[in-house]
Amino acid sequence: MKLNPSRGGINRKALVRGLLLCCAFTLLLSLAFSLWFSMTRNVSSVINPEDIEMIQLEEPKTGDQIAVMHTDAGDMTYVLYPDYAPETVANFCKLAESGYYDGSYVFRVEPEIFFSAGAPNSDGTVPNPDADSERIPRELSAKLWPLRGALCALTTKADAGFFRTLTGRQRYYTGSRFLVADTIEMTDEIREGLLSQTDNESQDLVANAFLEKGGIPNYSQQIAVFGQLIEGYDILDSITGSELTGSENAMRPKDDIRILSIEIGTFGEK
């Protein structure tokens, strides 16, 4: 028997419309709350020009934490920045001191631009991608930039579903593997682009640092910088200029280049 709406039965179309309106209202309320939450908790990272400092251009001081990376190609020494990337530095040092990096590979090279290393397998994979050491919150800082010689943690995972992205609540993580920046070619077009986008003294500092020192400007505030090369630029150039094998975007040294060990120490102490 069919129910007649005019006789007190259920109007199915009206019911469906009501449910849809209710769902829509609930969704909008949820989005509004999520947006408010992300704003009040300052979840998304925003760089304040007043916070910009080019600390990577400063000379290391006695007592600064350093890492000496021994490789098949030679030694490289980095100053680390635990004040600005504490979890990233702690993870790197813990792995280095445990011997995790001993015998690990340089597994990707972008010719003369960067090399990626720190994987125990030559293809760049890690034995346990779900380990705690592969889920370190990505630390970005207005004081750290991907200049030439920057030691950077590679992003491993992202919690960036539709609603997280919509409300600015994405979460990015880094892990054991790292990238060392060399430099893109600073063409006239790139120089013009960097200088034309500056509208205050702090931005001028960043633009001029890239133009004078080199680096990868388009990685700025996209990759976690946690150290800076202070000795061994010739080794950096040797690795990024090595003969390669593999396909585009997956090139690695034709002859394996390995990290023999990484020593954590203090600048100025022997």
Show the residue pairs meeting these rules: Cβ distance below 8 Å; 6+ apart or different chains; first residue within segment 94-123 and farther than 19 Å from residue 80 by Cα and without any contact (Cβ under 8 Å) to a residue 60 or more places away in the chain; second residue assigned to a strand (DSSP E or B) and of a type outside the set (A, V, I, L, M, F, W, C). 119/104; 119/105; 119/176; 119/177; 120/104; 120/105; 121/105
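A quick yes/no check of all residues on (1) crowded, with 20+ Cβ neighbours inside 10 Å; (2) within 16 Å of residue 68 (Cα to Cα); (3) not assigned by TED's automatic domain parsing to the domain that holds residue 135:
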| residue | (1), (2), (3) |
| --- | --- |
| 179 | yes, yes, no |
| 182 | yes, no, no |
| 188 | no, no, no |
| 208 | no, no, no |
| 218 | no, no, no |
| 228 | yes, yes, no |
| 240 | yes, no, no |
| 245 | no, no, no |
In segment 252-263, what count of residues is obtained for those that are surrounded by fewer than 16 Cβ atoms within 10 Å (Cβ to Cβ) and among the hydrophobic types (A, V, I, L, M, F, W, C)? 1
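Quick grid of which residues meet (1) farther than 20 Å from residue 183 by Cα; (2) in contact with a Pro (Cβ under 7 Å, 6 or more places away or on another chain):
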site	(1), (2)
70	yes, no
76	no, no
115	no, no
126	yes, yes
132	yes, no
146	no, no
150	no, no
158	yes, no
Return the pair list, or none, for Cβ contacts closer than 7 Å from residues in segment 127-149 that are farther than 23 Å from residue 79 by Cα to residues that are not in a strand (DSSP E or B), at least 6 apart or on different chains. 127/120
Regarding residue 59, is this residue outside any helix (DSSP H, G or I), on the phi > 0 side of the Ramachandran plot and not hydrophobic (A, V, I, L, M, F, W, C)? no
Out of all the residues in segment 167-223, which are under 22 Å from residue 85 (Cα atoms) and of a type in the set (Val, Ile, Thr)? 174, 180, 206, 216, 223
Quick one: is residue 90 more than 24 Å from residue 240 (Cα to Cα), among the aliphatic types (A, V, I, L, M) and either at pLDDT 95 or above or in a strand (DSSP E or B) (or both)? yes
Give all pairs with beta carbons closer than 8 Å in which a residue from segment 238-249 that is of a type in the set (A, V, I, L, M) meets a residue that is assigned to a loop (DSSP other than H, G, I, E, B); count only pairs at least 6 apart in sequence or on separate chains. 239/73; 239/257; 244/111; 244/251; 244/254
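The values are calculated or read from the model by the stated rules, or taken from the named source; none is laboratory data. As the structure is a computational prediction, the values presented were derived from the model and not from experiment. Using ideal geometry, Cβ is built from the backbone for each residue, glycine included, and neighbour counts are taken over all protein chains shown.
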